[in-house]
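These notes concern the structure reproduced below.
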Amino acid sequence: ETLNSTPSLRFKIVLLGESGVGKTSIVLRFTANRFHETMSPTIGASFLNESIQVEETEINLQIWDTAGQERYNSLTPLYYRGSHGALIVYDISDEQSFDRATYWVNQLQNQGGEKSKIMLIGNKFDLNQKNVDSKMASEYADQNGLLFRETSAKTGLGIPDVFVDLCKELKREV
Ligand code: GDP
Ligand code: MG
């Protein structure tokens, strides 16, 4: 008998986007299936590991979340470097956070994450105040070669799919 011979892959995934959009909440929902109404902006590990099974393959995700440095636009190149995938998050109730998503795409691409597959995420989809039009955001993503999903860390909508779908894309390119 051979021991477990399931092929395994390892991907570095970084979370980017304005402070308060729900990056840490998305990670918390994915890794612990929990949600907190109040979160300190500085909560967030430098990275954590999570394994998932995607199409018969064991995938080890190294997920990088910020510890609030995005408030000062000062993430180190180490954060971006060698990332395979990036979740660039905005808040669907906050138009400005959508406008700033382009800033984070540029940061990623200029600081070592140029090979990173990007998924644009409209979070807080549970809110009634929808100030970023889904169709417009989806077209923007298409035009810029980004994947696009809408999520709610609060209800769990679209999570863990964002991680699974991103992994499927990354797996295809290995
Ligand atoms: P980060 O700064 O991007 O890491 O954002 P946080 O995860 O710290 O979340 C900021 C605030 O938004 C917190 O009060 C969260 O409870 C709240 N929040 C995060 N995700 C959602 C969501 O999907 N829906 C709603 N209604 N609130 C959310
Ligand atoms: Mg955070």
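The values are calculated or read from the model by the stated rules, or taken from the named source; none is laboratory data. From a predicted model like this one, the values you see are computed outputs, not experimental measurements. Cβ sites come from the backbone with ideal geometry, for glycine too, and all protein chains shown count toward neighbours. To get the accessible areas, we keep the full protein, side chains included, count just its heavy atoms, and leave off ligands, DNA and RNA. Shrake-Rupley method; radii C 1.70, N 1.55, O 1.52, S 1.80 Å.
Do you know which residues across region 56-74 are open to solvent by 20 Å² or more (accessible area, probe 1.4 Å) and assigned to a strand (DSSP E or B)? It would help to see each step written out before you state the result.
If we filter region 56-74 for residues that are open to solvent by 20 Å² or more (accessible area, probe 1.4 Å), which is where we start, we get 56, 58, 60, 62, 64, 67, 69, 71-74.
The answer is Glu58, Asn60, Gln62, Trp64.
Answer yes or no: is there a residue in region 47-55 that is part of a loop (DSSP other than H, G, I, E, B), modelled with pLDDT under 95 and within 16 Å of ligand 2 (Cβ to nearest atom). Among the residues of region 47-55, at least one is part of a loop (DSSP other than H, G, I, E, B), modelled with pLDDT under 95 and within 16 Å of ligand 2 (Cβ to nearest atom), which makes the answer yes. With respect to being in contact with a Phe, Trp or Tyr (Cβ under 9 Å, 6 or more places away or on another chain) and hydroxyl-bearing (Ser, Thr, Tyr), Ser97 fits the description.
Among the residues of region 107-136, those that are more than 25 Å from Lys12 (Cα to Cα) and of a type outside the set (Phe, Trp, Tyr) comprise Asp126, Leu127, Asn128, Gln129, Lys130, Asn131, Val132, Asp133, Ser134, Lys135, Met136.
Conditions (1) out of contact with any strand residue (DSSP E or B) (no Cβ under 9 Å at 6 or more places or on another chain); (2) more than 11 Å from ligand 1 (Cβ to nearest atom), marked per residue:
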{"residue": "Phe30", "(1), (2)": "no, yes"}
{"residue": "Asn33", "(1), (2)": "yes, yes"}
{"residue": "Met39", "(1), (2)": "yes, no"}
{"residue": "Asn49", "(1), (2)": "no, yes"}
{"residue": "Ile63", "(1), (2)": "no, yes"}
{"residue": "Thr66", "(1), (2)": "no, no"}
{"residue": "Asp99", "(1), (2)": "no, yes"}
{"residue": "Val105", "(1), (2)": "no, yes"}
{"residue": "Asn110", "(1), (2)": "yes, yes"}
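What do you reckon, is Tyr80 out of contact with any strand residue (DSSP E or B) (no Cβ under 6 Å at 6 or more places or on another chain), over 23 Å from Leu127 (Cα atoms) and touching a residue at least 12 places away in the same chain (Cβ under 8 Å)? Considered against the rule, which asks whether it is out of contact with any strand residue (DSSP E or B) (no Cβ under 6 Å at 6 or more places or on another chain), over 23 Å from Leu127 (Cα atoms) and touching a residue at least 12 places away in the same chain (Cβ under 8 Å), Tyr80 comes out as yes. Only a single item in (1) within 16 Å of ligand 2 (Cβ to nearest atom); (2) touching a helix residue (DSSP H, G or I) at 6+ places or on another chain (Cβ under 6 Å); (3) modelled with pLDDT of 95 or more is not met by His84, and it is number (1). At pLDDT 95 or above, under 15 Å from the mean Cα position of the chain (by Cα) and over 16 Å from Lys23 (Cα atoms): is that true of Lys130 in this structure? No; evaluated as a whole, the condition is false for this residue.
Summed over region 12-46, residues that are within 12 Å of ligand 2 (Cβ to nearest atom) and in a strand (DSSP E or B) total 2.
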